[in-house]
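Engineer: Quick one: this structure, given as C-alpha coordinates, is what I'll be asking you about.
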Number of protein chains: 2
Amino acid sequence: MLREHNLKVTPQRLGILSILEDTGHISIEELFTFIRKDFSSISIATLYKNINFMLEVNILKEVKIPNSKSKYEISKDEHSHMVCRKCQKLEDITLCLDGVIEHASEKSGYSFDENALVLSGVCPQCQLA
Amino acid sequence: MLREHNLKVTPQRLGILSILEDTGHISIEELFTFIRKDFSSISIATLYKNINFMLEVNILKEVKIPNSKSKYEISKDEHSHMVCRKCQKLEDITLCLDGVIEHASEKSGYSFDENALVLSGVCPQCQLA
DNA sequence: AGGTAAATAATAAAAATTATCCTTTAGAAA
DNA sequence: TTTCTAAAGGATAATTTTTATTATTTACCT
Ligand SMILES: [Mn+2]
Ligand SMILES: [Mn+2]
Ligand SMILES: [Zn+2]
Ligand SMILES: [Zn+2]
(Lines give C-alpha, C1' and ligand atoms only; values in the text may rest on other atoms or scores of the structure.)
(Ligands and ions follow the chains in the order given, each with its own letter.)
Protein backbone atom coordinates (compact mmCIF):
# COMPACT_ATOMS: atom_id res chain seq x y z
CA MET A 1 0.00 0.00 0.00
CA LEU A 2 2.68 2.45 1.00
CA ARG A 3 4.83 1.71 -2.01
CA GLU A 4 1.91 2.19 -4.37
CA HIS A 5 1.72 5.78 -3.22
CA ASN A 6 5.45 6.43 -3.19
CA LEU A 7 5.67 6.47 0.56
CA LYS A 8 8.74 4.84 1.95
CA VAL A 9 8.18 1.72 3.96
CA THR A 10 9.46 2.53 7.43
CA PRO A 11 9.09 0.47 10.59
CA GLN A 12 7.07 3.28 12.13
CA ARG A 13 4.59 3.26 9.28
CA LEU A 14 4.27 -0.48 9.38
CA GLY A 15 3.68 -0.24 13.10
CA ILE A 16 0.94 2.32 12.65
CA LEU A 17 -0.76 0.27 9.96
CA SER A 18 -0.48 -2.88 12.01
CA ILE A 19 -2.27 -1.25 14.93
CA LEU A 20 -4.94 0.05 12.61
CA GLU A 21 -5.40 -3.46 11.25
CA ASP A 22 -5.82 -4.83 14.73
CA THR A 23 -8.10 -2.22 16.20
CA GLY A 24 -10.20 -1.36 13.18
CA HIS A 25 -10.91 2.16 14.35
CA ILE A 26 -8.73 4.22 16.66
CA SER A 27 -8.21 7.80 17.76
CA ILE A 28 -4.93 9.64 17.46
CA GLU A 29 -4.24 9.58 21.16
CA GLU A 30 -5.04 5.88 21.48
CA LEU A 31 -2.87 5.18 18.48
CA PHE A 32 -0.03 7.15 20.01
CA THR A 33 -0.31 5.16 23.23
CA PHE A 34 -0.22 1.88 21.34
CA ILE A 35 2.56 2.73 18.94
CA ARG A 36 4.79 3.82 21.80
CA LYS A 37 4.81 0.27 23.09
CA ASP A 38 6.68 -0.78 19.95
CA PHE A 39 8.48 2.48 19.22
CA SER A 40 9.04 4.07 22.57
CA SER A 41 10.73 7.11 21.08
CA ILE A 42 8.38 7.80 18.22
CA SER A 43 7.50 11.46 17.95
CA ILE A 44 3.91 12.63 18.05
CA ALA A 45 4.81 14.76 15.02
CA THR A 46 5.76 11.66 13.11
CA LEU A 47 2.40 10.16 13.93
CA TYR A 48 0.47 13.21 12.78
CA LYS A 49 2.53 13.55 9.64
CA ASN A 50 1.98 9.94 8.70
CA ILE A 51 -1.71 9.97 9.43
CA ASN A 52 -2.03 13.04 7.24
CA PHE A 53 0.03 11.54 4.44
CA MET A 54 -2.00 8.38 4.46
CA LEU A 55 -5.23 10.34 4.54
CA GLU A 56 -4.14 12.34 1.51
CA VAL A 57 -3.42 9.28 -0.57
CA ASN A 58 -6.53 7.55 0.75
CA ILE A 59 -4.81 4.71 2.53
CA LEU A 60 -6.72 5.87 5.59
CA LYS A 61 -10.13 7.33 6.29
CA GLU A 62 -11.17 9.64 9.08
CA VAL A 63 -14.46 8.83 10.77
CA LYS A 64 -16.04 11.90 12.34
CA ILE A 65 -18.27 10.95 15.22
CA PRO A 66 -20.87 13.12 16.94
CA ASN A 67 -19.79 14.22 20.41
CA SER A 68 -16.44 12.54 20.31
CA LYS A 69 -13.06 12.59 18.68
CA SER A 70 -12.35 11.32 15.23
CA LYS A 71 -11.19 7.81 14.69
CA TYR A 72 -9.08 6.52 11.83
CA GLU A 73 -9.29 3.34 9.83
CA ILE A 74 -7.66 1.67 6.87
CA SER A 75 -9.68 2.39 3.74
CA LYS A 76 -11.94 -0.42 2.68
CA ASP A 77 -15.17 -0.84 0.81
CA GLU A 78 -17.67 1.91 1.38
CA HIS A 79 -19.58 1.41 4.58
CA SER A 80 -21.40 3.24 7.32
CA HIS A 81 -20.83 3.38 11.05
CA MET A 82 -22.74 2.72 14.22
CA VAL A 83 -21.78 4.19 17.56
CA CYS A 84 -23.09 3.12 20.94
CA ARG A 85 -23.76 5.97 23.30
CA LYS A 86 -23.35 3.76 26.34
CA CYS A 87 -20.06 1.99 25.69
CA GLN A 88 -18.79 4.32 22.93
CA LYS A 89 -17.95 1.44 20.66
CA LEU A 90 -17.80 2.13 16.95
CA GLU A 91 -18.72 -0.55 14.45
CA ASP A 92 -18.97 -0.93 10.71
CA ILE A 93 -22.15 -1.72 8.88
CA THR A 94 -22.63 -2.13 5.19
CA LEU A 95 -25.84 -0.60 3.97
CA CYS A 96 -27.27 0.13 0.58
CA LEU A 97 -27.79 3.85 0.32
CA ASP A 98 -28.19 3.88 -3.44
CA GLY A 99 -31.88 4.66 -3.24
CA VAL A 100 -31.63 7.61 -0.88
CA ILE A 101 -28.58 9.02 -2.62
CA GLU A 102 -30.29 8.74 -5.98
CA HIS A 103 -33.29 10.49 -4.54
CA ALA A 104 -31.14 13.20 -2.98
CA SER A 105 -29.39 13.73 -6.28
CA GLU A 106 -32.64 14.19 -8.19
CA LYS A 107 -34.08 16.45 -5.57
CA SER A 108 -31.04 18.72 -5.30
CA GLY A 109 -29.23 18.53 -8.61
CA TYR A 110 -26.03 17.56 -6.83
CA SER A 111 -23.91 14.74 -8.15
CA PHE A 112 -22.57 12.78 -5.22
CA ASP A 113 -19.60 10.48 -5.02
CA GLU A 114 -19.15 10.07 -1.30
CA ASN A 115 -21.24 9.67 1.77
CA ALA A 116 -20.67 9.53 5.49
CA LEU A 117 -23.37 8.06 7.63
CA VAL A 118 -23.08 7.57 11.37
CA LEU A 119 -25.96 6.05 13.26
CA SER A 120 -26.06 6.65 17.01
CA GLY A 121 -27.88 4.50 19.49
CA VAL A 122 -27.42 1.63 21.89
CA CYS A 123 -25.67 -1.58 21.00
CA PRO A 124 -27.23 -5.00 21.71
CA GLN A 125 -24.99 -5.68 24.73
CA CYS A 126 -25.75 -2.34 26.36
CA GLN A 127 -29.47 -2.82 25.84
CA LEU A 128 -29.46 -5.67 28.33
CA ALA A 129 -28.31 -3.58 31.28
CA MET B 1 -35.40 29.27 23.34
CA LEU B 2 -32.79 30.46 25.79
CA ARG B 3 -35.31 31.01 28.57
CA GLU B 4 -36.76 27.54 28.09
CA HIS B 5 -33.38 26.13 29.04
CA ASN B 6 -32.69 28.53 31.90
CA LEU B 7 -30.06 30.40 30.00
CA LYS B 8 -30.10 34.13 30.57
CA VAL B 9 -30.96 36.23 27.59
CA THR B 10 -27.91 38.35 26.94
CA PRO B 11 -27.20 40.59 23.98
CA GLN B 12 -24.23 38.41 23.08
CA ARG B 13 -26.37 35.30 22.94
CA LEU B 14 -29.00 37.03 20.88
CA GLY B 15 -26.29 38.20 18.54
CA ILE B 16 -24.91 34.69 18.13
CA LEU B 17 -28.33 33.24 17.47
CA SER B 18 -29.17 36.01 15.05
CA ILE B 19 -26.07 35.24 12.99
CA LEU B 20 -26.90 31.55 13.04
CA GLU B 21 -30.39 32.35 11.81
CA ASP B 22 -28.99 34.40 8.96
CA THR B 23 -26.22 32.09 7.84
CA GLY B 24 -27.82 28.71 8.46
CA HIS B 25 -24.50 26.98 9.00
CA ILE B 26 -21.31 28.60 10.20
CA SER B 27 -17.95 27.68 11.66
CA ILE B 28 -16.65 28.98 14.97
CA GLU B 29 -14.09 31.24 13.37
CA GLU B 30 -16.56 32.68 10.88
CA LEU B 31 -19.03 33.22 13.69
CA PHE B 32 -16.40 35.01 15.74
CA THR B 33 -15.60 37.29 12.83
CA PHE B 34 -19.25 38.14 12.34
CA ILE B 35 -20.15 38.61 15.98
CA ARG B 36 -17.28 41.03 16.45
CA LYS B 37 -18.93 43.42 14.06
CA ASP B 38 -21.75 43.84 16.56
CA PHE B 39 -19.80 43.17 19.76
CA SER B 40 -16.30 44.33 19.06
CA SER B 41 -15.07 43.33 22.48
CA ILE B 42 -16.71 39.95 22.80
CA SER B 43 -14.35 37.32 24.10
CA ILE B 44 -13.63 34.17 22.16
CA ALA B 45 -14.14 32.32 25.42
CA THR B 46 -17.67 33.67 25.65
CA LEU B 47 -18.35 32.39 22.18
CA TYR B 48 -17.05 28.91 22.92
CA LYS B 49 -18.88 28.73 26.23
CA ASN B 50 -22.14 29.76 24.66
CA ILE B 51 -21.82 27.41 21.74
CA ASN B 52 -21.13 24.60 24.19
CA PHE B 53 -24.04 25.55 26.43
CA MET B 54 -26.40 25.67 23.51
CA LEU B 55 -25.12 22.37 22.19
CA GLU B 56 -25.71 20.74 25.57
CA VAL B 57 -29.31 21.83 25.74
CA ASN B 58 -29.81 21.07 22.07
CA ILE B 59 -30.52 24.57 20.91
CA LEU B 60 -27.67 24.03 18.46
CA LYS B 61 -26.32 21.17 16.44
CA GLU B 62 -22.78 20.53 15.29
CA VAL B 63 -22.34 19.35 11.72
CA LYS B 64 -19.14 17.40 11.24
CA ILE B 65 -17.96 17.62 7.66
CA PRO B 66 -15.33 15.46 5.96
CA ASN B 67 -12.09 17.33 5.30
CA SER B 68 -13.21 20.56 6.88
CA LYS B 69 -14.12 22.19 10.11
CA SER B 70 -17.38 21.72 11.89
CA LYS B 71 -20.24 24.09 11.32
CA TYR B 72 -23.02 24.92 13.72
CA GLU B 73 -26.71 25.42 13.15
CA ILE B 74 -29.85 26.05 15.12
CA SER B 75 -31.61 22.77 15.80
CA LYS B 76 -34.49 22.04 13.51
CA ASP B 77 -36.26 19.00 12.16
CA GLU B 78 -34.00 16.06 11.44
CA HIS B 79 -32.26 16.43 8.13
CA SER B 80 -29.15 15.50 6.24
CA HIS B 81 -26.45 17.59 4.61
CA MET B 82 -24.86 18.03 1.22
CA VAL B 83 -21.43 19.55 0.76
CA CYS B 84 -19.96 20.73 -2.53
CA ARG B 85 -16.32 19.92 -2.92
CA LYS B 86 -15.81 22.76 -5.39
CA CYS B 87 -17.37 25.74 -3.61
CA GLN B 88 -17.49 24.18 -0.13
CA LYS B 89 -21.09 25.17 0.36
CA LEU B 90 -23.14 23.20 2.84
CA GLU B 91 -26.85 22.69 2.32
CA ASP B 92 -29.69 20.94 4.03
CA ILE B 93 -31.71 18.16 2.50
CA THR B 94 -34.57 16.28 4.02
CA LEU B 95 -34.47 12.61 3.23
CA CYS B 96 -36.34 9.61 4.47
CA LEU B 97 -33.84 7.23 6.03
CA ASP B 98 -36.42 5.14 7.85
CA GLY B 99 -35.91 2.18 5.58
CA VAL B 100 -32.13 2.01 5.85
CA ILE B 101 -32.15 2.68 9.56
CA GLU B 102 -34.74 0.00 10.12
CA HIS B 103 -32.63 -2.36 8.09
CA ALA B 104 -29.48 -1.42 9.98
CA SER B 105 -31.25 -1.98 13.25
CA GLU B 106 -32.42 -5.45 12.30
CA LYS B 107 -29.05 -6.41 10.93
CA SER B 108 -27.05 -5.19 13.93
CA GLY B 109 -29.35 -5.35 16.91
CA TYR B 110 -28.67 -1.69 17.69
CA SER B 111 -31.51 0.62 18.53
CA PHE B 112 -30.87 3.96 16.88
CA ASP B 113 -32.22 7.34 17.74
CA GLU B 114 -29.97 9.64 15.78
CA ASN B 115 -28.26 9.76 12.46
CA ALA B 116 -25.79 12.01 10.73
CA LEU B 117 -25.52 11.79 6.99
CA VAL B 118 -23.30 14.01 4.89
CA LEU B 119 -23.26 13.58 1.13
CA SER B 120 -20.27 14.96 -0.72
CA GLY B 121 -20.23 15.89 -4.36
CA VAL B 122 -20.63 18.79 -6.73
CA CYS B 123 -23.50 21.25 -6.55
CA PRO B 124 -25.56 22.17 -9.64
CA GLN B 125 -23.84 25.55 -10.07
CA CYS B 126 -20.36 24.10 -9.94
CA GLN B 127 -21.26 21.39 -12.42
CA LEU B 128 -21.61 24.02 -15.16
CA ALA B 129 -18.01 25.20 -14.98
C1' DA C 1 -34.60 49.71 43.48
C1' DG C 2 -31.58 46.04 45.52
C1' DG C 3 -29.48 41.58 45.78
C1' DT C 4 -27.51 37.63 43.72
C1' DA C 5 -26.39 34.09 40.76
C1' DA C 6 -24.99 33.85 36.26
C1' DA C 7 -22.61 35.86 32.26
C1' DT C 8 -18.86 38.50 30.23
C1' DA C 9 -14.10 39.97 29.23
C1' DA C 10 -9.46 39.40 29.82
C1' DT C 11 -6.16 36.38 30.30
C1' DA C 12 -3.73 32.23 31.38
C1' DA C 13 -3.48 27.48 30.68
C1' DA C 14 -4.14 23.27 28.39
C1' DA C 15 -4.79 20.46 24.42
C1' DA C 16 -4.27 19.59 19.63
C1' DT C 17 -1.84 20.23 15.48
C1' DT C 18 1.73 21.91 12.52
C1' DA C 19 6.41 23.80 11.41
C1' DT C 20 11.45 23.80 11.80
C1' DC C 21 15.76 21.84 11.76
C1' DC C 22 19.07 18.55 12.36
C1' DT C 23 19.99 13.50 12.23
C1' DT C 24 18.98 9.08 10.44
C1' DT C 25 17.59 5.85 6.96
C1' DA C 26 15.13 3.56 2.90
C1' DG C 27 15.82 2.64 -1.46
C1' DA C 28 17.99 3.61 -5.86
C1' DA C 29 22.20 3.67 -8.42
C1' DA C 30 26.83 2.61 -9.07
C1' DT D 1 27.91 -4.26 -1.45
C1' DT D 2 28.90 0.33 -0.92
C1' DT D 3 27.59 5.02 -1.85
C1' DC D 4 24.47 8.75 -2.42
C1' DT D 5 20.43 11.40 -1.63
C1' DA D 6 15.79 12.56 -0.99
C1' DA D 7 12.65 11.38 2.27
C1' DA D 8 11.45 10.33 6.98
C1' DG D 9 12.16 10.46 11.93
C1' DG D 10 12.96 12.80 16.46
C1' DA D 11 13.20 16.74 19.26
C1' DT D 12 11.31 20.74 20.01
C1' DA D 13 9.32 25.21 19.01
C1' DA D 14 5.46 27.53 17.31
C1' DT D 15 0.54 27.79 16.04
C1' DT D 16 -3.94 26.87 16.54
C1' DT D 17 -7.87 25.47 19.04
C1' DT D 18 -10.30 24.99 23.19
C1' DT D 19 -10.92 25.31 28.10
C1' DA D 20 -10.10 27.20 32.84
C1' DT D 21 -9.63 31.08 36.03
C1' DT D 22 -10.89 35.32 38.04
C1' DA D 23 -12.43 39.87 38.60
C1' DT D 24 -16.15 42.73 36.87
C1' DT D 25 -20.61 43.40 35.00
C1' DT D 26 -25.44 42.34 34.23
C1' DA D 27 -29.99 39.81 33.74
C1' DC D 28 -33.64 38.98 36.31
C1' DC D 29 -36.03 37.74 40.58
C1' DT D 30 -37.99 39.73 44.72
MN1 LIG E 1 -15.22 1.70 9.46
MN1 LIG F 1 -28.45 21.75 8.54
ZN1 LIG G 1 -22.71 -0.43 23.91
ZN1 LIG H 1 -20.47 24.19 -5.61
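The values are calculated or read from the model by the stated rules, or taken from the named source; none is laboratory data. Computed from a predicted model, the values in this text were never measured in an experiment. No Cβ is skipped: glycine too gets one built from the backbone with ideal geometry, and neighbour counts run over all protein chains shown. Only protein heavy atoms, including side chains, enter the accessible area calculation; ligands, DNA and RNA are left aside. Shrake-Rupley method; radii C 1.70, N 1.55, O 1.52, S 1.80 Å.
Engineer: Counting only heavy atoms of the protein chains, get the accessible area per residue of the stretch A:8-129 (1.4 Å probe) and round it to a whole Å² value.
Structural biologist: 55 Å²
Engineer: Please work out the ratio of the alpha-carbon Rg of the stretch A:47-129 to 2.2 N^0.38 Å and round it to two decimals. Provide the component values of the computation, followed by the final result.
Structural biologist: On the way: Rg = 15.3 Å, N = 83, 2.2 N^0.38 = 11.8 Å.
Computed over Cα atoms of the stretch A:47-129, the ratio equals 1.29.
Engineer: Between 0 and 90 degrees, rounded to the nearest ten: what's the tilt of helix B:98-108 against the longest Cα principal axis of chain B?
Structural biologist: So the helix axis and the longest Cα principal axis differ by about 70 degrees.
Engineer: For chain B, give the share of DSSP beta bridges that are antiparallel, in percent and rounded to the nearest 5; count only bridges with both residues there.
Structural biologist: Within chain B, antiparallel bridges account for around 70 percent of the total.
Engineer: Take the alpha-carbon centre of the stretch A:44-70, take the same for the stretch B:75-121, and report the distance between them in whole Å.
Structural biologist: Cα centroid to Cα centroid, the span is 22 Å.
Engineer: Please report, in debye to the nearest 20, how large the charge dipole of the stretch B:80-128 is about its Cα centre when each Lys and Arg carries +1 at its beta carbon and each Asp and Glu carries -1 there. Let's see the in-between values first.
Structural biologist: Working: 4 positive and 7 negative charges, 94 e Å.
In total the dipole reaches around 460 debye.
Engineer: Along Cα→Cβ at 7 Å, what distances in nm separate the B:ASP22 label point from those on the other copies, shortest first?
Structural biologist: List, nearest first: 5.3 nm.
Engineer: Now for a separate question. Could you pull out which residues in the stretch A:56-79 have an amide N less than 19 Å from a spot 7 Å beyond the Cα of B:HIS103, following the Cα-Cβ vector?
Structural biologist: Answer for the stretch A:56-79: A:77-79.
Engineer: Where does the protein assembly as shown land on Rg(C-alpha)/(2.2 N^0.38 Å)? Write out the running numbers ahead of the final one.
Structural biologist: Working: Rg = 20.4 Å, N = 258, 2.2 N^0.38 = 18.1 Å.
Here the Cα radius of gyration is 1.12 times the empirical estimate.
Engineer: Counting only protein heavy atoms, what percent of the accessible surface of chain B is carbon or sulfur at a 1.4 Å probe? Write out the running numbers ahead of the final one.
Structural biologist: Values: 3660 of 7420 Å².
The C+S portion of the solvent-accessible surface of chain B is 49 percent.
Engineer: If you take the accessible area of A alone plus B alone and subtract the pair, what total do you get in square angstrom, rounded to 100, with a 1.4 Å probe? Mind dumping the intermediate values first?
Structural biologist: On the way: alone 8860 and 8870 Å², together 14820 Å².
It comes to approximately 2900 Å² buried between A and B.
Engineer: Between A:LEU97, A:VAL63, A:GLY15, whose Cα lies farthest towards the positive end of the dipole of chain A when Lys and Arg beta carbons carry +1 and Asp and Glu beta carbons carry -1, centred on the Cα centre?
Structural biologist: Checking the options against the dipole of chain A, the answer is A:GLY15.
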